[in-house]
1. For the structure I just gave you, tell me whether residue 119 is within 17 Å of the chain's Cα centre (by Cα), under 22 Å from residue 57 (Cα atoms) and surrounded by fewer than 22 Cβ atoms within 10 Å (Cβ to Cβ).
2. Test residue 134 against the criterion of being surrounded by 15 or more Cβ atoms within 10 Å (Cβ to Cβ), touching a strand residue (DSSP E or B) at 6+ places or on another chain (Cβ under 8 Å) and without any contact (Cβ under 8 Å) to a residue 24 or more places away in the chain, and give yes or no.
3. Just to be sure, is residue 139 touching a helix residue (DSSP H, G or I) at 6+ places or on another chain (Cβ under 9 Å), without any contact (Cβ under 8 Å) to a residue 24 or more places away in the chain and surrounded by fewer than 17 Cβ atoms within 10 Å (Cβ to Cβ)?
4. Check residue 218 against each of (1) surrounded by 15 or more Cβ atoms within 10 Å (Cβ to Cβ); (2) under 18 Å from the mean Cα position of the chain (by Cα) and name the one condition it does not meet.
5. Anything in segment 181-198 that is on the phi < 0 side of the Ramachandran plot and crowded, with 20+ Cβ neighbours inside 10 Å? List them, or say none.
6. Select, from 40, 89, the only residue that is in contact with a strand residue (DSSP E or B) (Cβ under 8 Å, 6 or more places away or on another chain), at pLDDT 95 or above and farther than 27 Å from residue 133 by Cβ.
7. Need the failing condition index for residue 150 against (1) surrounded by 13 or more Cβ atoms within 10 Å (Cβ to Cβ); (2) touching a residue at least 60 places away in the same chain (Cβ under 8 Å), just the number.
């Protein structure tokens, strides 16, 4: 079993400590009001209802401006097909969301919108309404993500003092085609969009401006073409900020 990659809080904060007194983000920082809504699709190769959601995920950015990522979960593997993209930490993330919301709703296909609300991932009207509502209520912290040959660099603006927030790094492959031989989707070839290949809890944040650096090696590997930095209240909760970097 592959376990979630971790960079300790001590390491993350020590890497960024020298920059705490630095000026806030440059003009390259995206205005908080212009930041896209984050949509996380929890899907499975063993779920007959999921291909429709996978297709919808491919069109949401164009229609809504949202940033959409896909997490494959493993709890349908017992139906006869082991999901080739699933990881237990992705299943745990979905469970953590359900606990955080307090509704314990864990199902596929499920889209979680900006870390707070959820919708049936194949229901276009339900999903687009939830995204529209998130745009009306979101307040995001300006942040950037950049890279050099050795490091990924996250810059955070200052925000109100609050309970600790978690900074996540998501390494993303743009499209993964999978031919499914058994189970509910036997005989289908499904295109998975913006597949999260690695999920890294990179550090904690408590409202201060910071510049954090992380080793690029081990995160940007294989078919990964981009990385998303996501700041969330608590462990998984409201998305407080987001930034993207692409090769």
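The values are calculated or read from the model by the stated rules, or taken from the named source; none is laboratory data. These numbers come from a predicted model, not from an experiment. So basically every Cβ, Gly included, is an ideal-geometry build from the backbone, and we count neighbours across all protein chains shown.
1. On the way: within 17 Å of the chain's Cα centre (by Cα): yes; under 22 Å from residue 57 (Cα atoms): yes; surrounded by fewer than 22 Cβ atoms within 10 Å (Cβ to Cβ): yes.
Spelling it out, residue 119 is indeed within 17 Å of the chain's Cα centre (by Cα), under 22 Å from residue 57 (Cα atoms) and surrounded by fewer than 22 Cβ atoms within 10 Å (Cβ to Cβ).
2. Working: surrounded by 15 or more Cβ atoms within 10 Å (Cβ to Cβ): yes; touching a strand residue (DSSP E or B) at 6+ places or on another chain (Cβ under 8 Å): yes; without any contact (Cβ under 8 Å) to a residue 24 or more places away in the chain: no.
It is false that residue 134 is surrounded by 15 or more Cβ atoms within 10 Å (Cβ to Cβ), touching a strand residue (DSSP E or B) at 6+ places or on another chain (Cβ under 8 Å) and without any contact (Cβ under 8 Å) to a residue 24 or more places away in the chain.
3. On the way: touching a helix residue (DSSP H, G or I) at 6+ places or on another chain (Cβ under 9 Å): yes; without any contact (Cβ under 8 Å) to a residue 24 or more places away in the chain: no; surrounded by fewer than 17 Cβ atoms within 10 Å (Cβ to Cβ): yes.
Against the criterion (touching a helix residue (DSSP H, G or I) at 6+ places or on another chain (Cβ under 9 Å), without any contact (Cβ under 8 Å) to a residue 24 or more places away in the chain and surrounded by fewer than 17 Cβ atoms within 10 Å (Cβ to Cβ)), residue 139 does not qualify.
4. Of everything listed in (1) surrounded by 15 or more Cβ atoms within 10 Å (Cβ to Cβ); (2) under 18 Å from the mean Cα position of the chain (by Cα), residue 218 misses just condition (1).
5. Of segment 181-198, the ones on the phi < 0 side of the Ramachandran plot are 181-182, 184-186, 188-193, 195-198.
Of everything in segment 181-198, those that are on the phi < 0 side of the Ramachandran plot and crowded, with 20+ Cβ neighbours inside 10 Å turn out to be 185, 192, 193, 195, 196, 198.
6. The unique qualifying residue is 89.
7. Residue 150 satisfies all of (1) surrounded by 13 or more Cβ atoms within 10 Å (Cβ to Cβ); (2) touching a residue at least 60 places away in the same chain (Cβ under 8 Å) except (1).
Each row is one residue, and each column tells you yes or no for (1) at pLDDT 95 or above; (2) out of contact with any strand residue (DSSP E or B) (no Cβ under 7 Å at 6 or more places or on another chain); (3) closer than 14 Å to residue 108 by Cβ.
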position: 15; (1), (2), (3): no, no, no
position: 35; (1), (2), (3): no, no, no
position: 46; (1), (2), (3): yes, yes, yes
position: 54; (1), (2), (3): yes, no, yes
